Amino acid sequence: NLNMKKIVTLIIFVALAVYAFAQTTDDKYKKLWIEVTGFENRDLPKSALQKVESILDMATKDNDAYQQLKAITYKTKFLIESEQTGNLKAVDFLEEQAKIQSGTCKHVCNFLLGASYQNYYSRHRYQIDSRSAVSDSADKKGSRLEFYDKNEFMKLIISHYKLALNAELKNVAA
């Protein structure tokens, strides 16, 4: 009976410690996200982008998947809004994140990539459909969105949407 009380006390203590740590971490991020919202409301995407980059660094060090995912999503948004070539930079960033992230973050990055390629294709469809295919794979090396043909876009869109599905969802779809 005494051992049970010790175990219950220990469990409560650990739960309170975890809760207190989570609150501290949430408060730390909450303040930073409020700053991001302030920059966004004042139409300052470059300042918001800098703050989001620091949040992403912090979340990566803390191994906080939720904050990483939120920061990745916002960074993508602010990259697109901050400059004319933002779409290209956002795609490069998402490609990089899809390679280095794991688990849910990796799946979401691949989903965002598929959506980005699909969005770009939709907005530039007339131009893309008139492009000829690049036959040599060496010519494709290092190529950018503005040079991909329709088939290349379709391959990219489909492959990233497939990569976005986790193993359990792939089995259901099969």
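Any read-out appearing in this document is the output of simple, stated calculations on the displayed coordinates, not a laboratory observation. Everything numeric in this text was worked out from a predicted model, so none of it was measured. Every residue, glycine among them, receives a Cβ derived from its backbone with ideal geometry; neighbour counts consider all protein chains shown.
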_Sequence-distant residues sharing a close amide H with Asp149 (under 5 Å, placed H)_ = Val134
*asked:* I want to check the label-to-label distance for Ala133 and Glu53. Put each point 7 Å from Cα in the C-beta direction and report it in nm to one decimal.
replied: 3.9
*Quick one: if you stick a label point 7 Å off each Cα along the C-beta vector at Asn119 and Lys28, how many nm between them?*
3.0
*What list of ³J(HN,Hα) couplings, whole Hz, do you get for the range 37-47 from phi and the Karplus terms 6.51, -1.76, 1.60, once you set θ to phi - 60° and write x for glycine and proline?*
4, x, 4, 5, 5, 8, 6, 10, x, 5, 5
*Label the range 36-105 by shape, choosing from rounded, prolate and oblate, from the square roots a ≥ b ≥ c of the eigenvalues of the Cα gyration tensor; if a/c is under 1.5 it is rounded, and otherwise prolate applies when a/b is larger than b/c, oblate when it is not.*
oblate
*In Å, the Kirkwood hydrodynamic radius of the range 29-70 over pairs of distinct alpha carbons?*
10.2
